[in-house]
Amino acid sequence: MTASAPLEPDVADERLILLLVGAVGAGKGTQASILSRELGIPHLASGNLFRAAMAAGTPLGEEARGYMERGELVPDETTIGMFMEELARPGAARGAILDGFPRTVGQSTALDETLAAQGERIRRVISIEVPTEELVRRVAGRWVCPQCGTPYHAITDPPRTAGVCNKDGAQLRQRDDDRPEVVRARLERQVPPMLQVVDHYEGSGIVDHLDGTQPIDAVTASILSRVGARIRS
Ligand code: AMP
């Protein structure tokens, strides 16, 4: 784990725009919701924002639909536009946690330029790092009840009887894309561009590499110590 320099006093008043980076299974979603609560800033997850726009039938949602259905990236201009709109909301006045965007170096550069035009920048990039085989173990251990939706984990949160829901006795299922071979393929696609984004910010001295194999609260504590408790005051 490498700690980067604490925030300099002259940036303490800037809005806290954090970028959270981590592969599937790294615990990014878990940390994002804890941080959002602890820091009082919204968690802006690109996939969720697009899905919500689609469900609401907004023009943005309609534009994103085709790309999402084909599993392609939504064009940069649209994606940046959506994030800048989210960042302009009163809820994001003190900052936001960006998740899933930027996910390419092109998007990072475009976002940096857009933020710079309004005198802002990404303050910290938090990279939650977990070895591939541990990610596969974590994700491939997920099981869910098809009737009531209760999630289980074969190792960390098993049902009382193997393969059976504690609540309604239904046979648990594994999502197709949580099967080990599919998880490995997802990681092979996902990780290289993610590392390139982290690399893009490395030179600015704002990247924190965190060991995501630590317990959840230890990861949270590391992140909070990096971003500085002053944001809460
Ligand atoms: P996710 O839930 O993060 O897997 O995202 C679901 C879909 O949303 C992706 O397959 C893309 O179509 C779209 N999407 C999410 N993030 C981005 C992004 N940063 N740039 C472009 N499209 C994105």
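The values are calculated or read from the model by the stated rules, or taken from the named source; none is laboratory data. What you are looking at is a predicted structure, and each value in this text was computed from that prediction instead of being measured. Neighbour counts run over all protein chains shown; Cβ positions are idealised from the backbone, glycine included.
A few remarks follow.
- Single match in Val144, Val227 (criterion: of a type in the set (A, V, I, L, M, F, W, C), within 27 Å of Ala93 (Cβ to Cβ) and surrounded by 14 or more Cβ atoms within 10 Å (Cβ to Cβ)): Val227
- Any hit, the stretch 129-136, residues being out of contact with any helix residue (DSSP H, G or I) (no Cβ under 8 Å at 6 or more places or on another chain), crowded, with 21+ Cβ neighbours inside 10 Å and among the aliphatic types (A, V, I, L, M): no
- A single member of Leu135, Leu115 is more than 15 Å from Val197 (Cα to Cα) and touching a strand residue (DSSP E or B) at 6+ places or on another chain (Cβ under 8 Å), and it is Leu115.
- Qualifying residue in the stretch 76-96 (condition: outside any helix (DSSP H, G or I), aromatic (Phe, Trp, Tyr) and under 27 Å from Pro192 (Cβ atoms)): no
- Residue in the stretch 116-129 that is near the ligand (Cβ under 10 Å from one of its atoms) and either free of Cβ contacts under 8 Å to residues at least 12 places away in the same chain or acidic (Asp, Glu) (or both) present: no
- The one condition in (1) surrounded by 13 or more Cβ atoms within 10 Å (Cβ to Cβ); (2) within 11 Å of the ligand (Cβ to nearest atom); (3) farther than 30 Å from Ala140 by Cα that Pro75 fails to fulfil: (1)
- Answer residue from the stretch 63-72, given it is over 24 Å from Thr30 (Cα atoms) and assigned to a helix (DSSP H, G or I) and is nearest to the ligand (Cβ to nearest atom) among those: Tyr67
- Checklist (1) near the ligand (Cβ under 8 Å from one of its atoms); (2) buried (at least 17 other Cβ atoms within 10 Å of the Cβ); (3) over 17 Å from the mean Cα position of the chain (by Cα); (4) charged (D, E, K, R) applied to Asp112, failing item: (1)
- Of all residues making up the stretch 36-62, the number that are within 15 Å of the ligand (Cβ to nearest atom), assigned to a helix (DSSP H, G or I), crowded, with 17+ Cβ neighbours inside 10 Å and in contact (Cβ under 8 Å) with a residue 12 or more places away in the chain: 6
- Any chance Leu87 is in contact with a Phe, Trp or Tyr (Cβ under 8 Å, 6 or more places away or on another chain) and either closer than 15 Å to Glu14 by Cα or modelled with pLDDT of 95 or more (or both): no
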